[in-house]
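A.B. asks: Can you keep this structure in mind? I'll have questions shortly.
The values are calculated or read from the model by the stated rules, or taken from the named source; none is laboratory data. Given the structure is predicted, the values throughout are model-derived calculations rather than measurements. We place every Cβ from the backbone using ideal geometry, glycine too, and count neighbours over all the protein chains shown.
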Ligand code: FPP
C-alpha cells in the first residue's frame, strides 16, 4: 500500500490501450473506449477518496482527430455523456478544468464545459483536469503567442520573460507541475502530454495492463512505485 500521507501532488494518466483491449475480445474499438470511460470514472472517484490533489487525464489529443470518424464520434459521445452527468461531480466535490483548445468543439459542448468549470470552481476536493483536444506543443505555441502579444502591448519586456511568465500562460496556469505520469499498455512515450509540466516528473509505465482493466489497486501500485523513487531535481 502507498503511504497516503505522502502522495504526489499532481498525477497525470495517459489512458492507453482501449483499442487493443477491444480487439482482444473481438469487439469494435469503440467498445474499448466505452469501458475505458467507466474506468475513468472509477479512478477519478478513487483518486478523490484517497485525497489526491491534482489529477490530469489525457482524454483526447490534437492528433486523435486523425482516427476513423466513427471512433472519433464514439469518443465525443462518451465525452458528451460525461458532461451531462453534472450531479456526479457536484456530490463528489471535485473541481473540473478542461485543458486544450476548446474552440473546435460544438457550441453546446463548449457551453457545458464552461458551465462545469464555473460551477465546480469552489469545490475543495480533487482538482481534475481533462485534457481534450490537447497537445503540449500547441499549448506551448499558444503560450508563446500570448507572451508575444503581451510584449507588443508593452505589458512585459522580452528580455525579462521568466519561466513563471510562460507557465502562467499555459492551460495549467496556477497548478503545480506534474510529479508522476502513469501510462499503461506497454507504450513508452509521452505523446505530447504535459511536455512542459513534466520536466521533472517520474514515469511509471505499466506494460501488463490495458486502460479498461485498470483498477484502483493499479493506481496504488503506481503510487508505491513513485514513493520508492529518489527524486533529486538535478541536485545530488
Ligand atoms: C487511447 O487508447 C485512448 C484514447 C485515445 C481515448 C481515451 C478516451 C477514453 C478513456 C474514453 C473517454 C473518456 C471520457 C472521460 C469521456 P487507444 O485507442 O490508443 O488504444 P490502442 O493503443 O490499444 O489502440
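A.B. asks: When the stretch 42-63 is examined, which residues are found to be over 23 Å from residue 101 (Cα atoms) and within 11 Å of the ligand (Cβ to nearest atom)?
C.D. replies: 43
A.B. asks: Quick one: in the stretch 208-227, which of the residues that are in a helix (DSSP H, G or I) and without any contact (Cβ under 8 Å) to a residue 40 or more places away in the chain is surrounded by the most Cβ atoms within 10 Å (Cβ to Cβ)?
C.D. replies: Only one residue tops the list, namely 218.
A.B. asks: Looking at residue 38 and the list (1) within 19 Å of residue 219 (Cα to Cα); (2) assigned to a helix (DSSP H, G or I); (3) away from the ligand (no atom under 11 Å from the Cβ), which single condition is not satisfied?
C.D. replies: In the conditions (1) within 19 Å of residue 219 (Cα to Cα); (2) assigned to a helix (DSSP H, G or I); (3) away from the ligand (no atom under 11 Å from the Cβ), residue 38 misses (3) alone.
A.B. asks: Only one residue in 83, 156 is in contact with a helix residue (DSSP H, G or I) (Cβ under 6 Å, 6 or more places away or on another chain), surrounded by 11 or more Cβ atoms within 10 Å (Cβ to Cβ) and assigned to a loop (DSSP other than H, G, I, E, B), so which one is that?
C.D. replies: Result: 156 is the single residue among 83, 156 that is in contact with a helix residue (DSSP H, G or I) (Cβ under 6 Å, 6 or more places away or on another chain), surrounded by 11 or more Cβ atoms within 10 Å (Cβ to Cβ) and assigned to a loop (DSSP other than H, G, I, E, B).
A.B. asks: Quick one: in the stretch 211-236, which of the residues that are more than 23 Å from residue 53 (Cα to Cα) and over 17 Å from the mean Cα position of the chain (by Cα) is modelled with the lowest pLDDT?
C.D. replies: The extreme case among them is 236.
A.B. asks: State the number of residues belonging to the stretch 86-122 that are assigned to a loop (DSSP other than H, G, I, E, B) and either away from the ligand (no atom under 16 Å from the Cβ) or closer than 17 Å to residue 57 by Cα (or both).
C.D. replies: 6
A.B. asks: Quick check on this structure: which one of 30, 6, 23 is away from the ligand (no atom under 13 Å from the Cβ), in contact with a helix residue (DSSP H, G or I) (Cβ under 9 Å, 6 or more places away or on another chain) and farther than 20 Å from residue 123 by Cα?
C.D. replies: The unique qualifying residue is 6.
A.B. asks: Going by what's in this entry, would residue 18 be described as closer than 21 Å to residue 188 by Cα and crowded, with 19+ Cβ neighbours inside 10 Å?
C.D. replies: In short, yes.
A.B. asks: Identify, by number, the condition in (1) in contact with a strand residue (DSSP E or B) (Cβ under 6 Å, 6 or more places away or on another chain); (2) free of Cβ contacts under 8 Å to residues at least 12 places away in the same chain that residue 96 doesn't meet.
C.D. replies: For residue 96, the failing item is (2).
A.B. asks: Since residue 66 meets every condition but one in (1) closer than 19 Å to residue 34 by Cβ; (2) out of contact with any helix residue (DSSP H, G or I) (no Cβ under 6 Å at 6 or more places or on another chain); (3) within 12 Å of the ligand (Cβ to nearest atom), which condition does it not meet?
C.D. replies: Answer for residue 66: the failing condition is (1).
A.B. asks: Quick one: count up the residues across the stretch 123-136 that are outside any strand (DSSP E or B) and surrounded by 16 or more Cβ atoms within 10 Å (Cβ to Cβ).
C.D. replies: Going through the stretch 123-136 one residue at a time, the tally reaches 5.
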